[in-house]
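What follows is a set of notes on a single structure, which appears directly below.
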């Protein structure tokens, strides 16, 4: 155990102060990824419950009946649909109401995506900066006529290689994690579109078929989410 700690300390010393910044980027990547992953997973689980409840509603139900059913459910998608029904009751067009509320929802779901992407991009750049600093120190050591030239050259090369290695290792999970988050978010968009069709089919008897419901709703939006409070219910 003592040897491991000594080796770790030597590694950090050889890498220079930039390793601390890269480590902070690593913490940022994993914090934002885990938080987003939990939010998306909970939204998918609660959205599946909303979809099941909407499938059981008889065709021709009133908007108030649909709202009452949605009040029994929790989660971001249920909140979104309640807000959509409220907008429709106030006179909004169904397609416009769904588009607006869904766009708001997706924005909330994606709020950590930019941070994950930013930290993932910053980590290898910090590693590259460490490489440049290490090579500058190496050239200074080669040009110097005094002192322990061999030790200084080795230290500069070590810093250059270690910071590059550490930056790439930190960035790789961020790349795959961001791809995973986008995949989960697309699954939620499909789930929202399905709930959208079922909701309209329930309150509009003429839209009993999926095709008719989609035509009533208009084109499917790229998507987005209600408020933070609604998502965390």
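Miscellaneous remarks
- Förster radius 35 Å - calculated FRET efficiency between residue 89 and residue 34 (Cβ-Cβ, nearest 0.05): 0.35
- Virtual spin-label span in nm between residue 42 and residue 172, 7 Å along Cα→Cβ: 3.2
- Unit Cα scatterers, Debye sum, the range 1-136: log10 I(q)/I(0) for q = 0.17 Å⁻¹: -0.96
- Per-residue packing, averaged as other Cβ atoms within 10 Å, sorts the ranges 74-83, 166-175 into the order 74-83, 166-175, beginning with the highest.
- Straightening the chain between residue 151 and residue 13 buys 48.3 nm, computed as 0.36 nm per residue apart minus the Cα-Cα spacing.
- Cβ-Cβ FRET estimate between residue 128 and residue 24, R0 fixed at 25 Å, reported to 0.05: 0.90
- Extension gain, residue 72 to residue 121, is 13.4 nm, computed as 0.36 nm per intervening residue step minus the present C-alpha separation.
- Legend: ranking of residues 187, 64 from fewest to most surrounding C-beta atoms inside 10 Å; resulting order 64, 187.
We did not get these values from a lab; they are worked out from the coordinates using the rules stated. Nothing here was measured: the structure is a model prediction, and the numbers come from that model. Cβ sites come from the backbone with ideal geometry, for glycine too, and all protein chains shown count toward neighbours.
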